[in-house]
Amino acid sequence: MKTLDNFPYEKVLVLGLARSGEAAAQLLYDSNVSFRINDLTPIENNEVAQRFDQLGIEVVTGSHPQSVLDDVDLVVKNPGIPYSHEIVEEALNRDIPIITEVELSFYLIDGPIIAITGSNGKTTTTTLTYELLRAGGLNPLIAGNIGKVATNVAREQKEGQPVVMELSSFQLKAIEKFKPDIGVLINITEAHLDYHKTMDDYVGSKLNITKYQNENDMLIYNADDEWLVNKVQDSKANLLPFSVSGKNKDGLYVDHQQVYHNDELIVHRDEIALPGDHNLENILVGIAIAKQFNIPNNTIQSVLKTFTGVKHRLQYVNKIHDRFVYNDSKATNISATLKAIQAFKQPIILIAGGLDRGNEFDELIQAFEHVKTCIAYGQSASKIKEAGERNQYKSIQTVDSLEEATIKAYEVSQEGDVILFSPACASWDQFKSFEERGDMFIQLVHKL
C-alpha cells in the first residue's frame, strides 16, 4: 500500500475525523509524518480518536483550542468544516496552508486523473464515466465525494490505472497543487451559499479544478452556460465544449435525436437508457472522456443502452397501482429538482422539503406546469407553501415528516401519475444524509 514519499511538511494537524479525516490520519501515520488530531467529539465517544491515541498520536477532542496549531505547517481539514471555523481562521492568520485529503491523494496517484465537478449531475457523470472506462478494459478506480475516500483509493492504485473522482466545491476550495489530467465542469447554479457565503466564492472554488492545469491537460465544459464559457478562457488546459442545446456544434453536442462527437454520430437518443433530458449533460461528458481513451463507439453504445443511473438520482423505485414512483433524494437544491420535474411529461405529485437554507422557492413553484400537487414537509415546508401563495399555486399541502408526505402523496395521486420525491433541500433537518433520506423513502414506498 502506497505511502507519502518526499512529503514537504513536517507537522500536520488533522482537523475533523469522519471518513476523510480518518483516512488522512492513517496515511500520515503509515508514512511516518508527524501529526496531531483535533476533533470535537469527546474521546470517550470517539472510537477513531481512541485508536490513534492508543497508537501514541496526540489527540485533542471535545474543543478546538488554538494551541493545536502550534508547530504545525499544514492543516488537513474535513471538507465540511467551514472557513469561518475558529481554527481555520487562525490557521489562515498564521499563513498555514489548508487542504483536504483529496490533495494528499495527488501525492500518490500515478496515472490519469479524471476529476468531475458541477452543481448537479456529478455522481451520475462520475459513475457513468467509470462504467464506460471499465467497459473499455481500462480497469478504472472511482473516488472522491461519491463515497470512496480519495486517499484510500489512491493508496491501492497501480501505475497507469485511471482514477475517476467526483469533487465538491468544499474539496476544491482547499487545494494546493492538485490538478487532473481531464477536468470537467458540468454546470454551475446557485448552491451551498450557507458554506461559501457568496456565489463568487462558490464559483471560484469550482474553477479550482483547472487552476493548476497546463497545456498537456484537458478541460471539458458546458458551452450552454455563457458565464462559464467566459470563465474557462483563463484556463491553460485544452478546452473541449459540450452542448445539449444543439446551438454549439464544437466538441460534443445533441442535434434533434442524435448525439455527436466532433460531427461523428455516437448514439441515437432513443437508445439511451438513462431517463430525463437533463442527463444528456452527463452523457456527453461521459462520451467525451471515453473518446479521449479511444474507447470504441460500439462499447460506448452498449453502456449507454444499459446504464439506468445511480441510487437516489431520479431512481425508479416501483409501480404501485399504476403510479410510477421515483426517488431523487440527491436533489438537495432547487436547480436539481427543476431538472427532475422537467424529465417527465406525465402529471407529477411532488414531495419536497427539508433543511431551510434560506432559499426562496418561487423559481421552483413557477415551473409547476405538470405538478398537480406538491406535498411539502420538514423545516422548509412553510416557505414552500408561502412561495406557492405568492405565485397563485394553491395545490400545496404541508406535513411534518417524510412518512406523512409519502402517504399523502399516494392518497392524492391517480393512475398514470408520477410520484416524485425530489426535495430541493438538504436532508439535515431530519436525516444524517441524502442517502439515509432516500433509503427511508424507498422503505416507505414499499409499505404503501
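The values are calculated or read from the model by the stated rules, or taken from the named source; none is laboratory data. What you see is a predicted model, and the numbers here were worked out from it, not measured in a lab. All Cβ positions, even for glycine, are placed from backbone atoms using ideal geometry, and neighbour counts span all protein chains on display. Heads up: the accessible areas ignore ligands, DNA and RNA and are worked out on the full protein's heavy atoms, side chains in. Shrake-Rupley method; radii C 1.70, N 1.55, O 1.52, S 1.80 Å.
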* To do: Among what's in the range 128-139 and is crowded, with 22+ Cβ neighbours inside 10 Å and in contact with a helix residue (DSSP H, G or I) (Cβ under 8 Å, 6 or more places away or on another chain), pick the residue that is farthest from LYS311 (Cα to Cα).
  => LEU133
* Asked: Can you name the condition, by its number, that VAL163 falls short on among (1) under 15 Å from ILE109 (Cβ atoms); (2) open to solvent by 10 Å² or more (accessible area, probe 1.4 Å); (3) not charged (D, E, K, R)?
  -> (2)
* Name the strands (runs of 3 or more DSSP E) wholly inside the range 57-144 in which the number of residues that are of a type in the set (Val, Ile, Thr) is 2 or more. => 58-61, 74-77, 113-117
* Structure fact -> Going through (1) open to solvent by less than 30 Å² (accessible area, probe 1.4 Å); (2) in contact with a strand residue (DSSP E or B) (Cβ under 9 Å, 6 or more places away or on another chain); (3) of a type outside the set (Ser, Thr, Tyr); (4) at negative phi one by one, PRO97 fails only at (1)
* Which of the following residues is of a type in the set (A, V, I, L, M), surrounded by 20 or more Cβ atoms within 10 Å (Cβ to Cβ) and touching a Phe, Trp or Tyr at 6+ places or on another chain (Cβ under 8 Å): LEU280, LEU274? -> LEU274
* To do: Check whether at least one residue in the range 250-265 is of a type in the set (S, T, N, Q), touching a Pro at 6+ places or on another chain (Cβ under 8 Å) and within 28 Å of VAL310 (Cβ to Cβ), and report yes or no.
  => no
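For the range 322-363, enumerate the residues that are more than 19 Å from GLU404 (Cα to Cα), of a type in the set (D, E, K, R) and surrounded by fewer than 24 Cβ atoms within 10 Å (Cβ to Cβ).
Selection gives ASP322, LYS339, LYS345, ARG357, GLU360, ASP362, GLU363.
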* To do: Look at the range 289-342 and say how many of its residues are over 24 Å from the mean Cα position of the chain (by Cα) and farther than 23 Å from ILE266 by Cα.
  => 7
* Structure fact -> Of the residues in the range 386-407 that are in a strand (DSSP E or B) and farther than 16 Å from PHE431 by Cβ, the one that is least open to solvent (accessible area, probe 1.4 Å) is ILE396
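Could you check the range 408-435 and list, in sequence order, the residues that are assigned to a helix (DSSP H, G or I) and surrounded by fewer than 14 Cβ atoms within 10 Å (Cβ to Cβ)?
GLU411
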* To do: Specify which of the listed residues (LYS383, LYS372, LYS319) is open to solvent by 10 Å² or more (accessible area, probe 1.4 Å), among the basic types (Lys, Arg), at pLDDT 95 or above and in contact with a strand residue (DSSP E or B) (Cβ under 8 Å, 6 or more places away or on another chain).
  => LYS372
* Structure fact -> Considering residues that are modelled with pLDDT of 95 or more, out of contact with any strand residue (DSSP E or B) (no Cβ under 8 Å at 6 or more places or on another chain) and under 22 Å from GLY144 (Cβ atoms), the number found within the range 9-44 is 6
* To do: Give the residues of the range 342-366 that are in contact with a Leu (Cβ under 9 Å, 6 or more places away or on another chain), modelled with pLDDT under 95 and under 15 Å from GLY276 (Cα atoms), sorted by residue number.
  => ALA343, PHE344
